[in-house]
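Nothing in this text is a laboratory measurement; each read-out follows from the coordinates by a stated rule. For clarity, every value in this text was computed on a predicted model and none was experimentally measured. Every residue, glycine as well, gets a Cβ built from its backbone with ideal geometry; the counts of neighbours run over all protein chains shown.
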Amino acid sequence: MKIPDHEFPERTARVQQAMRANNLDVLLAFSTESEPAHVRYLSDYWPSFETAAVLIPASGEPALLIGPESGTFAAARSKIANQIRLMDFRESSQPNYPGATLPQWEDVLSQYKASRIGIAGWDMFPHSMMANLRKAVPSAEILNADEVIRSVTLRKSASELSCLREAARISELGFRAVREEIRPGMTEAQLAGIAVGAMMANGAEAVGYPVWCCSGPNTRQAISRPTHRAVQEGEIIHFSVGAKVAGYSASVGRPVVLGSCPDDTRKFLQTGLDAMRMTIDLMRAGTVAGEVARTVHGWIRDQGFGQTILYGPAHGCGQMECEFPFVETSSTFELAADMVFMVDVFLADDHHGFRWEDGIVVRDGAAEELSSYGREFTILEVRP
């Protein structure tokens, strides 16, 4: 499963069209190893340790900007032939590389005579790199260009959807593995490891995000990492499991309980599950995203759980498992066919929490559901 080679120059051409509409001479699409979306989307390159950017002129060929150590790595996988090593993209430990003779920003940008430069990945772009860029082109206007990239990536191609479907399938296998293996006394880290192993064994190139299992009081954490806490009977144990395939990430979020489940916990979990089903039903092309969030959150409040809402109930998904845009009560955009979202209902009170999460593709009618395995109220028998 991969993105076909011809799609990468087509993506660059669409970005250039959006650049010209915004009067940009040059766009720098910046990425890190933990947030690789822009660079991977345009080049299929995913930096390791170092950072990277794709330099796109309003017309002409793009260039991949990489750090001093990544030359052979980038040559092996980038779909952009022109690769330029710059010191600014070195790893964060800041080695000096004595004797290295690398080009400067002035050398790279001189051929473009750019008066308006856009930065995609604006909020990640390092201060030191921005300072060097401004020094190199003091007369140029440097602008936030995140919307330029978003206008191109919001709706997914057929090949992107195929990758997301495969990522969702493998994510389900990760959750299935922990569901089959879980026992009281196993640690959160052990269980997360089972999920990771199952996904990598079944075709994932990596995890889509740091996979976690959190249990008991740790389930109150909206963003978490597994610990060495042993899971116990009668408590919520939450799994967020996601695979990455050809750069595209999915997720399956599920709470489970071992043994008996208290009635108040059962009601809490059922409310979240019903809210998830409601969200999936409402996610249809032409619907204003804020209307979905207001309807779902209003229903949760009517059930007596309004104080447990943190965000959502959905967010974009593609190269990143959580990417622009969020579906929230302030959202004004309309849902459109071929947009992909994670329906992500996270609720937490002072004692515990949980997440129900699955991917969907927006359609004119009912959404296409990327995953559904285990989307049920799950109380597992305690096994020896």
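Rank these for me by crowding, His351, His297, going from fewest to most other beta carbons within 10 Å. Don't jump to the answer; show the numbers that get you there.
Working: His351 14, His297 19.
Ordered from fewest to most neighbouring Cβ atoms within 10 Å, His351, His297 come out as His351, His297.
As an exercise, take the mean of 1/r over every pair of distinct alpha carbons in region 158-380, invert it, and state the Kirkwood radius in angstroms. Could the numbers behind the result be given before it?
Numbers: mean 1/r = 0.0582 Å⁻¹.
Kirkwood radius, region 158-380: 17.2 Å.
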Discussion item. Taking the 0 to 90 degree range and rounding to the nearest ten, how far is the long axis of helix 263-282 tilted relative to the main principal axis of the chain, both from C-alpha atoms?
Written reply: 50 degrees
Worksheet item: What's log10 of I(q)/I(0) for region 5-88 at q = 0.21, 0.22, 0.25 Å⁻¹, Debye sum over Cα points only, no solvent?
Response: -0.91, -0.99, -1.22
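Counting DSSP beta bridges in region 1-133, what percent are antiparallel, to the nearest 5? Could the numbers behind the result be given before it?
Details: 9 of 16 bridges.
Beta bridges within region 1-133, antiparallel portion: roughly 55 percent.
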Discussion item. What is the distance in Å between the Cα centroid of region 308-384 and that of region 267-292?
Written reply: 9 Å
Worksheet, complete the sentence: Here FRET efficiency (C-beta to C-beta, Ala222 to Thr332, R₀ 25 Å, nearest 0.05) is 0.55
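I'd like the antiparallel share, as a percent to the nearest 5, of DSSP beta bridges with both residues in the chain.
On the way: 45 of 58 bridges.
Close to 80 percent.
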Worksheet entry | For Tyr45, distant residues with modelled amide H under 5 Å away | Lys79
Item to complete: Would you work out which of Met342, Gly306, Val288 lies farthest towards the positive end of the dipole of region 286-384, given +1 charges on the beta-carbon of Lys and Arg and -1 on that of Asp and Glu, about the Cα centre?
Response: Gly306
Worksheet item: Hey, how many Å between the Cα centroid of region 1-67 and the Cα centroid of region 226-250?
Response: 31 Å
Discussion item. For Cα pairs less than 8 Å apart in space and 6+ apart in sequence, what is the mean separation divided by the residue count of the chain, i.e. the relative contact order in percent?
Written reply: 14 percent
Worksheet item: Going by alpha carbons, how many degrees (0 to 90, nearest 10) lie between the helix axis of 7-21 and the longest principal axis of the chain?
Response: 70 degrees
Worksheet, complete the sentence: Computed over the chain: longest principal axis from alpha-carbon atoms vs helix 188-201 long axis, angle to nearest 10 degrees, is 60 degrees
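Where the convex hull is taken over the Cα atoms of region 48-120, what is its projected area averaged over directions, in nm²? Provide the component values of the computation, followed by the final result.
Details: hull surface 22.1 nm².
Computed as one quarter of the Cα hull surface, the answer is 5.5 nm².
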